[in-house]
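Trainee: One structure coming up, written as structure tokens, with questions to follow.
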């Protein structure tokens with residue numbers, strides 16, 4: 001009994017040591033990553049990062065040890081004796097037959113879930129039968145499987161450390177809602193990784209390190225695994241581990257209260273990545289009234305009705321005050337990950353966006369537009385529904401999101417043909433369900449003939465191919481005599497940043513962000529060159545903007561400079577070159593375009609035209625759980641557990657969007673932020 005307890009205890013201590021060491025190495029390396037833009041931590045903050053970080057990793061190791069613990073608990077000779085062996089075999093066989101020949105819960109998930117369940121249960125039943133009737137293989141079977149599980153646990157620990165490094169390298173944070181979200185779309189994510197990184201040498205390196213660490217730490221434990229039989233040591237060690245597991249889970253949750261300092265990097269570095277992943281998973285849907293500051297319902301609604309002159313769920317008439325409605329075609333282009341910081345107009349000296357910079361000089365140019373979020377679905381939600389972002393999942397990814405009041409609905413009621421163009425497969429991010437459910441015709445990669453695709457990667461066809469498809473389709477729509485609304489979502493400015501060769505000065509196989517930006521801008525220029533030759537061009541108004549920025553990481557929870565996007569409206573003969581310098585939200589862009597066309601309609605939008613006499617320069621900016629409201633130089637952030645923070649915009653030479661903690665809280669701004677978000681979340685809860 002004592003030997004068994006010492007063996008399992010030693011196994012746990014070694015696994016915990018490995019986990020803590022991997023976490024320590026990450027905390028040493030990540031501050032030197034380019035995404036970590038501020039490492040001026042105080043001594044106490046460094047202590048939090050390394051000491052509390054080690055505690056969090058130890059707790060995570062205790063939770064992860066459950067797999068090894070369960071296996072050791074299952075090692076027994078009794079389960080093969082009569083009648084238990086035959087009963088166990090009968091149960092496993094019945095379970096396999098049930099899954100194989102009857103409708104089960106796995107069929108509800110569809111895809112390969114039933115096949116996986118059949119494979120696991122079939123293997124389990126067959127292997128148990130072999131061990132039951134061939135006693136000589138039992139000891140070897142236990143040793144081999146114990147070795148495989150140890151290797152798997154070690155390998156996953158090392159793999160997770162590498163994955164966390166690359167995730168930080170992309171987003172500047174530990175695992176968050178983006179990591180959870182991406183796991184749903186395995187094909188795109190795995191394909192993206194395969195095309196972006198040297199997977200083979202990295203995988204071989206991880207395998208080699210895994211084998212070396214397993215051999216060095218666990219080889220003696222593996223050969224002694226078959227000695228872990230008997231029930232006495234399990235009766236003592238089992239409850240002890242369960243108590244430790246409960247304590248570890250509780251401590252992980254308790255320690256999150258230390259992850260609320262003003263410096264996000266301190267919070268992220270001390271946290272354990274896997275717990276952050278779990279936390280993001282359970283918080284992907286957040287009920288506003290449960291987690292955020294609220295005002296009395298009638299008071300919040302009254303505020304919104306006064307701001308918009310609306311009734312009910314923000315319903316009000318929008319009426320043109322000059323001339324008749326201008327029946328122009330509309331093309332909305334949302335560019336993937338196009339930060340304003342890439343443009344020469346906003347200080348970039350690399351010459352990446354000559355097309356976009358030239359368009360800015362010829363249209364209605366917005367100098368301070370802020371994206372509502374840091375994901376494509378947030379940008380699409382903003383320009384389609386014209387609503388502040390809700391916490392958790394975007395409305396686009398929520399159930400029951402069809403038949404909503406949208407920009408497409410407004411135009412469809414006015415006789416427009418309404419189409420959504422996407423160069424990839426629109427099932428990604430639930431775009432197909434959302435746009436088709438809201439009356440859009442979808443043109444995506446499935447609609448491309450083979451000869452229409454000259455280049456593609458895991459995300460879809462290159463932007464040039466996509467724009468050519470748009471022009472061909474719009475030529476057909478124009479022939480019908482009806483005006484058209486085309487919403488185009490690009491894909492090329494996305495990792496792995498691959499594109500056709502010979503188009504720009506950066507090689508097509510460089511896989512650099514700069515190359516992705518430059519090619520995207522090049523393709524946009526080619527689109528306008530070809531579109532200008534079409535008969536419908538002179539009667540079309542264009543809105544070019546971005547879905548979100550390339551990165552959202554920064555010193556604060558919501559660094560404004562990482563949400564600053566370009567936006568320009570072009571309308572030959574209608575819009576003269578001019579600039580809009582005030583704060584504008586992404587949700588205001590389409591209502592502004594509608595006002596340029598003198599459109600009258602009944603609106604439920606929270607966005608409004610910048611030409612509206614009552615327009616307030618403000619923006620809604622959010623992560624999946626922090627809801628920001630910018631008005632003037634005051635930036636208010638509402639967070640779960642009914643927290644509120646406030647910052648002042650204090651421009652510096654390097655960063656005109658620089659934020660500093662506010663010395664005092666502007667309660668009026670807090671109340672305005674609450675009223676906007678509270679009512680929008682209530683009225684558009686899905």
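Just so you know, all these numbers are worked out from the coordinates, no wet-lab data involved. Predicted model only: the values in this text are computed from it and were never measured. Quick reminder, even Gly has a Cβ in these numbers, built from the backbone with ideal geometry, and neighbours come from all protein chains shown.
Trainee: Between the stretch 207-222 and the stretch 259-328, what is the separation of their alpha carbon centroids in Å?
Mentor: 49
Trainee: Follow-up. Quick one: what Rg and Dmax do you get for the chain from the alpha carbons, in Å?
Mentor: 28.6, 92
Trainee: Then there is this: Using the per-residue mean of other Cβ atoms lying within 10 Å as a proxy for protection, in what order, highest first, do the peptides 308-314, 633-639 fall?
Mentor: In decreasing order of mean packing, 308-314, 633-639 become 633-639, 308-314.
Trainee: Related question: Would you mind getting me the FRET efficiency between residue 320 and residue 665? Use the beta-carbon distance for r and R0 = 60 Å, nearest 0.05.
Mentor: Calculated transfer efficiency: 0.90.
Trainee: Taking Rh as the Kirkwood radius, which is the inverse of the mean 1/r over Cα pairs, what is the Rg/Rh value for the stretch 186-336?
Mentor: A ratio of 1.19.
Trainee: Can you give me the Rg/Rh ratio for the stretch 113-168, using Cα atoms for both radii and the Kirkwood formula for Rh?
Mentor: The Rg/Rh ratio comes out at 1.18.
Trainee: Here's another thing I want to ask about it. When only Cα pairs under 8 Å and 6 or more residues apart are kept, what is the percent relative contact order across the chain?
Mentor: It comes to 18 percent, rounded to a whole number.
Trainee: Cα extents of the stretch 25-154 along the three principal axes, largest first, in whole Å?
Mentor: Result for the stretch 25-154: principal-axis Cα extents of 65, 37, 19 Å.
Trainee: May I ask for log10 I(q)/I(0) of the stretch 314-363 at q = 0.26 Å⁻¹, from a Debye sum over the Cα atoms as equal point scatterers with solvent left out?
Mentor: -1.04
Trainee: Going out from 0 in 10 Å bins, what whole percent of all Cα-Cα distances in the stretch 396-517 drops into each bin?
Mentor: Percent of pairs per bin, in order: 13, 38, 32, 15, 3.
Trainee: Give or take rounding to whole Å, what are the principal axis extents of the alpha carbon atoms in the stretch 463-544, in descending order?
Mentor: Principal-axis extents of the Cα atoms in the stretch 463-544, largest first: 45, 20, 18 Å.
Trainee: For a quick protection proxy, order the peptides 373-383, 671-681 by their average other-Cβ count within 10 Å, most packed first.
Mentor: Result, highest mean first: 373-383, 671-681.
Trainee: What order do you get for 4-17, 49-62 when each peptide is scored by the mean count of other beta carbon atoms within 10 Å, highest first? Before the final figure, lay out the partial values.
Mentor: On the way: 4-17: 17.4, 49-62: 20.9.
Most protected by this proxy first, the peptides run 49-62, 4-17.
Trainee: What is the Cα coordinate range of the stretch 225-287 on the first, second and third principal axes, sorted by size from largest, in whole angstrom?
Mentor: So the extents along the principal axes, rounded to whole Å, are 52, 26, 20.
Trainee: Could you list log10 I(q)/I(0) for the stretch 345-471 at q = 0.13, 0.22 Å⁻¹, which the Debye formula gives when each Cα is one point scatterer?
Mentor: For the stretch 345-471 at q = 0.13, 0.22 Å⁻¹, log10 I(q)/I(0) is -0.70, -1.29.
Trainee: Cα-based Rg (one decimal) and Dmax (whole number) for the stretch 274-424, in Å?
Mentor: Considering the stretch 274-424 through its Cα atoms, Rg and Dmax are 19.4, 59 Å.
Trainee: For the stretch 517-569, restrict the atom set to alpha-carbon positions and state the Rg and Dmax in Å.
Mentor: Cα only, the stretch 517-569: 15.5, 49 Å (Rg, Dmax).
Trainee: What's the whole-number percent of alpha carbon pairs in the stretch 324-615 lying beyond 25 angstrom?
Mentor: Value for the stretch 324-615 (Cα pairs over 25 Å): 43 percent.
Trainee: Also, quick follow-up: For the stretch 555-686, take the convex hull of the Cα atoms, compute a quarter of its surface area, and give me that in nm², please.
Mentor: 10.2
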